[in-house]
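Here's the structure we're looking at; comments come further down.
The values are calculated or read from the model by the stated rules, or taken from the named source; none is laboratory data. Bear in mind that the values here come from a model prediction, so they are computed numbers and not experimental data. Virtual Cβ from ideal backbone geometry, glycine too; neighbours counted across all protein chains shown. The area values use the complete protein model at the heavy-atom level, side chains included, leaving out ligands, DNA and RNA. Shrake-Rupley method; radii C 1.70, N 1.55, O 1.52, S 1.80 Å.
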Number of protein chains: 2
Amino acid sequence: MQKFVNLPEDACPIIADHFSLLVIKKKENLLINGQVCRANYFVEQGCLRLYFTNDQGVEQTTQFAIENWWLSDYSSYATQQPSTFGIQAVENSRIMAISWQAQETLLKQLPILEKYFRLVYQKAYAAYQWRIKYIYDYSKEEMYHQFLKNYPEFVQRVPQYLLASFLGFTPEYLSEIRKKSIS
Amino acid sequence: MQKFVNLPEDACPIIADHFSLLVIKKKENLLINGQVCRANYFVEQGCLRLYFTNDQGVEQTTQFAIENWWLSDYSSYATQQPSTFGIQAVENSRIMAISWQAQETLLKQLPILEKYFRLVYQKAYAAYQWRIKYIYDYSKEEMYHQFLKNYPEFVQRVPQYLLASFLGFTPEYLSEIRKKSIS
């Protein structure tokens, strides 16, 4: 937070008071489709994914969050209505969670954090504008290579079937592209 | 803004001072690919689109903004680096524009607007999370029907070749789907 805004000296304990630390195992769920998304999650260590389950019962990953990223279903979180997404740990993770209510209280106590969240969301919004451009502009193969170029370590780190799902293709197709790149 | 935050009584003239009113004609450009996106645009009346030009020279629309929506290339706007997008008027429009510098000054003068923009971006971010879900989950035909259900007036209002581009298909395909729905 200090990177984005100048926090007052006494801010740290006030902020810490509003968060809970969740130590969760790989594949543990923070949110299940149909539940209200109660919290905004900050990844201290590990990796989370946002996903939905389609009519054929297949899970489709739409977003990842690694260290220093926030993740939530922001429709459900903002309205406190049931979510159509799930949030699950991709690795054993340490997550700082702030409930909707706690965030409202914290923002009243430390209004400087409005700027922090404004900048976080502005960045995420900009990333989505780019992502839609990639989806329209790139073939599936180009999409993989672009992703590999932008996030080389992440491609090594995440299970390939989840990466394939996120990029919108089958694990078999991803495996083919990778073989082609190596040969 | 009053709908989102409680503004102090003297806020209106301060806010107005930081904006310019742009009265622009249909197809007029507010941003061209390669320029720095200097402003954040609020649609008072009319419609804007965000688009990019692909390698084949075809313009691909990725976002629309109608009355009471903001639009900018938020990567270029935040970093003040050249944009890969263009912003163009879809109709004759009245646009309230705030430059990056003016927005920074305004937010310092009226920090309550940090909350306003935090909520605007949070909403836009949530809308993008949904949009990615639609792209992965729906066939092109379902996408059109979902869009028609959510924004019936907008579908009537916007030129069909732009709507087709936004939904990711050809004008001919859109025309086919529409004929099928009517018959």
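Treat each spin label as a single point 7 Å out from the Cα along the C-beta direction, and report the residue A:92 to residue B:69 distance in nm.
For the pair residue A:92/residue B:69, the computed spacing is 4.6 nm.
Relative contact order (percent) for region A:1-109, with alpha-carbon contacts under 8 angstrom and 6 or more residues of separation?
40
Among B:8, A:32, B:56, flag the residue with its Cα farthest along the positive direction of the charge dipole of the protein assembly as shown, charges on Cβ as +1 for Lys/Arg and -1 for Asp/Glu.
Positive-most Cα among the choices belongs to B:56.
Cα extents of region A:1-109 along the three principal axes, largest first, in whole Å?
Largest to smallest, the principal-axis extents are 52, 28, 21 Å.
Quick one: accessible surface of residue B:154, probe radius 1.4 Å, all protein chains present, in square angstrom to the nearest 10.
20
About the Cα centre of region B:1-109, what is the dipole size in debye to 20, counting +1 per Lys and Arg Cβ and -1 per Asp and Glu Cβ, all else neutral?
Approximately 160 debye in magnitude.
As a test question: what accessible area, to the nearest 10 Å², does residue B:25 have when a 1.4 Å probe is rolled over all protein chains in place?
For residue B:25, solvent-accessible area is about 130 Å².
How many percent of the alpha carbon pairs in the protein assembly as shown exceed a separation of 36 Å?
Of all Cα-Cα distances in the protein assembly as shown, 25 percent exceed 36 Å.
Exceeding 23 Å between C-alpha atoms, which entries from my cross-link table qualify? They are A:123/B:123; A:108/B:123; A:123/B:25.
Long pairs (Cα-Cα over 23 Å): A:123/B:25.
For chain A, what's the radius of gyration and Dmax over Cα atoms, in angstrom?
According to the Cα coordinates of chain A, Rg and Dmax are 17.8, 58 Å.
Set the Förster distance to 45 Å, then compute FRET efficiency between residue B:105 and residue A:53 from the Cβ-Cβ distance, nearest 0.05.
Given R0 = 45 Å and the Cβ-Cβ separation, E is 0.45.
Is any residue of region A:106-140 close enough, with backbone N under 19 Å, to a label point placed 7 angstrom from the Cα of residue A:10 along the Cα-Cβ axis, and if so, which?
Residues A:106-114 fall inside that zone.
Going through the DSSP H helices of chain A, which span 24 Å or more along their own axis at the Cα atoms while scoring at least -0.5 as a mean Kyte-Doolittle hydropathy?
Helix filter hits for chain A: A:112-137.
Quick one: accessible surface of residue A:38, probe radius 1.4 Å, all protein chains present, in square angstrom to the nearest 10.
150
Give me the dipole magnitude in Debye, nearest 20, for chain A about the Cα centre, with unit charges on the beta carbon: positive for Lys and Arg, negative for Asp and Glu.
The calculation lands at about 300 debye.
Between region B:60-82 and region A:154-170, what's the alpha-carbon centroid distance in Å?
29
Would you work out the relative contact order for chain A, in percent, from Cα pairs under 8 angstrom that are 6 or more residues apart?
About 25 percent, as a whole number.
What aspartates and glutamates does residue B:133 reach when the alpha-carbon gap must be under 20 Å and sequence neighbours fewer than 8 apart in one chain are set aside?
A:55, A:59, A:73, A:137, B:141, B:142
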